[in-house]
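Novice: Take a look at this one; I'll ask things after.
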Amino acid sequence: MEFSGVVLLKQKDTWSLAKGMADRANARPNAIATRFGIASGSKIFTAVVICQLVEEGLLSFDAMLSELLPDSFPDFPVTIHQLLTHTSGMPDYFDEETMNDFEELWQELPMYRMKTASDFLPLFQNKPMLFEPGERFKYNNAGFIALGLVVEKITGQPFIEAVKERVFARAQMVDSGYFSLDRLPAQTAYGYIEEENGWRTNHYALPILGGADGGAFVTANDMVHFWERLMDYSLLSKDMTERMLTSHVTHEEHDYGYGVWIRRQDETVTKYHVMGYDPGVNFHSGYYPEDGAVLTVLSNNSGGAFDIMKLIESTTDANKFD
């Protein structure tokens, strides 16, 4: 599979590359300014909003979900901290460890009806807990759906409006948003799924509108803005930023903070990063604290981003990727 997407590396200078087609039917190529879906990569936006609410005294990391939203989650005695770190033990609507085909979810509950966090509740709210809260790490999308509902209750806003106001606007992410798949704006790449007879878009493979567990659209430049505004404390205070970026749990030698993966070498953090995988979506973006570099790889195929990121991390000669 040839890479289709955008790569942007910002160090002292900025190097970028766009390849492939944003719209195959109309032969519209990807460009540096093209928007791409980032799937679970947008969980970090949810984490930022939650941390802001804690800073404002409107929420506590120790608050219980069953007390915050008793009507929706009466039997889930898990904390905000546990939801943020995937240690809650809540049932999930899509278990990435046991389920292979994301599209199977929409056979009983059509994807075009999945427009709000509440629309996901029938998929998991009546299932039993998987393990005792805090016992271990298990990646959990439903936990972030629950966090989105907490945001809506506290702010009185739809989740995506809260992110737009509290994250995108403050970080100057002027081209980013949560867009309905049947109303994608200009300069947005369609996600493509490769099949034996060619390609099809992912419009019938994903929820029609993203939310707290994933589904935002961004540009490579907007991810530079996000990381830089996070690291200069424009989004959160210094203390809260450090708490968000603290390693709260380790899973298979990988550290996790609040909505963000952390890579270490000995005791030194070498990279903060986020990633996203969906049918027709592949995304990696990282911040390297040693020199403040930002590397983002956005793909509108189901693969390719991880390999490109690893290749760039292993070389100093960016020109070899032209």
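The values are calculated or read from the model by the stated rules, or taken from the named source; none is laboratory data. Given the structure is predicted, the values throughout are model-derived calculations rather than measurements. Cβ: placed from backbone, ideal geometry, glycine included. Neighbour counts: every protein chain shown.
Yes/no per residue for (1) loosely packed, with under 13 Cβ neighbours inside 10 Å; (2) of a type in the set (A, V, I, L, M, F, W, C); (3) within 27 Å of PRO70 (Cα to Cα); (4) modelled with pLDDT of 95 or more:
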residue	(1), (2), (3), (4)
GLU108	yes, no, yes, no
THR116	no, no, yes, no
PHE137	no, yes, yes, yes
ALA146	no, yes, yes, yes
THR155	no, no, yes, yes
VAL163	no, yes, yes, yes
ALA189	no, yes, no, yes
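Novice: Continuing with this model, one more query. With respect to THR46, is the statement that it is over 16 Å from GLY211 (Cβ atoms), polar (S, T, N, Q) and touching a residue at least 24 places away in the same chain (Cβ under 8 Å) true?
Specialist: So THR46 fails the test.
Novice: Which condition from (1) assigned to a loop (DSSP other than H, G, I, E, B); (2) closer than 17 Å to VAL48 by Cβ; (3) out of contact with any strand residue (DSSP E or B) (no Cβ under 9 Å at 6 or more places or on another chain) is the one that ARG229 breaks?
Specialist: With respect to (1) assigned to a loop (DSSP other than H, G, I, E, B); (2) closer than 17 Å to VAL48 by Cβ; (3) out of contact with any strand residue (DSSP E or B) (no Cβ under 9 Å at 6 or more places or on another chain), ARG229 is out only on (1).
Novice: Looking at ALA27, ALA63, ALA39, which one is surrounded by fewer than 20 Cβ atoms within 10 Å (Cβ to Cβ) and closer than 30 Å to GLN187 by Cβ?
Specialist: After ruling out the rest, the residue left standing is ALA27.
Novice: Are any of the residues in the range 204-212 surrounded by fewer than 16 Cβ atoms within 10 Å (Cβ to Cβ) and closer than 24 Å to SER302 by Cβ?
Specialist: yes
Novice: Oh, and also: Give the residue that is surrounded by the most Cβ atoms within 10 Å (Cβ to Cβ), with candidates limited to residues of the range 277-303 that are in contact (Cβ under 8 Å) with a residue 60 or more places away in the chain, out of contact with any Pro (no Cβ under 9 Å at 6 or more places or on another chain) and part of a loop (DSSP other than H, G, I, E, B).
Specialist: So, considering only residues that are in contact (Cβ under 8 Å) with a residue 60 or more places away in the chain, out of contact with any Pro (no Cβ under 9 Å at 6 or more places or on another chain) and part of a loop (DSSP other than H, G, I, E, B), the one surrounded by the most Cβ atoms within 10 Å (Cβ to Cβ) is ASN300.
Novice: Criterion first (crowded, with 22+ Cβ neighbours inside 10 Å, of a type in the set (Phe, Trp, Tyr) and either modelled with pLDDT under 90 or part of a strand (DSSP E or B) (or both)) does TYR258 satisfy it?
Specialist: Working: crowded, with 22+ Cβ neighbours inside 10 Å: yes; of a type in the set (Phe, Trp, Tyr): yes; either modelled with pLDDT under 90 or part of a strand (DSSP E or B) (or both): no.
No.
Novice: A further question on this structure: What are the residues in the range 199-226 that are over 17 Å from the mean Cα position of the chain (by Cα), part of a strand (DSSP E or B) and in contact (Cβ under 8 Å) with a residue 40 or more places away in the chain, if any?
Specialist: Residues satisfying the conditions are TRP199, THR201.
Novice: Of the residues that sit in the range 1-23 and are more than 21 Å from the chain's Cα centre (by Cα) and not in a loop (DSSP other than H, G, I, E, B), which one is surrounded by the most Cβ atoms within 10 Å (Cβ to Cβ)?
Specialist: Filtering the range 1-23 for residues more than 21 Å from the chain's Cα centre (by Cα) gives 1-2, 11-21, 23.
From the residues that got through so far, the ones that are not in a loop (DSSP other than H, G, I, E, B) too are 14-19, 21, 23.
Numbers: THR14: 14, TRP15: 15, SER16: 15, LEU17: 20, ALA18: 18, LYS19: 17, MET21: 17, ASP23: 17.
Selected residue: LEU17.
Novice: Residues ASP213, ASP222: which one is in contact with a Lys or Arg (Cβ under 8 Å, 6 or more places away or on another chain) and under 26 Å from ALA305 (Cα atoms)?
Specialist: One residue alone meets the criteria, ASP213.
Novice: Further, regarding this structure: Inside the range 24-47, can you point out the residues that are under 23 Å from the mean Cα position of the chain (by Cα) and in a strand (DSSP E or B)?
Specialist: If the condition is that a residue be under 23 Å from the mean Cα position of the chain (by Cα) and in a strand (DSSP E or B), then ARG35, PHE36, GLY37 are the ones that fit.
Novice: Taking only pairs six or more apart or across chains, which ones have beta-carbon atoms under 9 Å, a first residue in the range 152-167 that is free of Cβ contacts under 8 Å to residues at least 12 places away in the same chain, and a second residue that is not in a helix (DSSP H, G or I)?
Specialist: Sorted first by the residue in the range 152-167, then by its partner, the pairs are GLU165/GLN157.
Novice: So, one more: Please find, within the range 232-255, the residue that is farthest from LEU9 (Cα to Cα) out of those that are assigned to a loop (DSSP other than H, G, I, E, B) and in contact (Cβ under 8 Å) with a residue 40 or more places away in the chain. Full working, then the answer.
Specialist: To start, the set of residues in the range 232-255 that are assigned to a loop (DSSP other than H, G, I, E, B) comprises 232-237, 245-248, 252-253.
After this cut, where a residue has to be in contact (Cβ under 8 Å) with a residue 40 or more places away in the chain as well, the list is 234-237, 248.
Values: SER234: 22, LEU235: 22, LEU236: 24, SER237: 26, HIS248: 28 Å.
Only one residue fits best here, namely HIS248.
Novice: Under 8 Å between Cβ atoms, which residue pairs at least 6 apart in sequence (or on different chains) link something in the range 70-93 that is more than 15 Å from GLU132 (Cβ to Cβ) with a partner that is outside any helix (DSSP H, G or I) and of a type in the set (Phe, Trp, Tyr)?
Specialist: Every condition considered, the pairs that remain are ILE80/PHE61; LEU84/PHE61; LEU84/TYR258; ASP92/PHE124; TYR93/PHE124.
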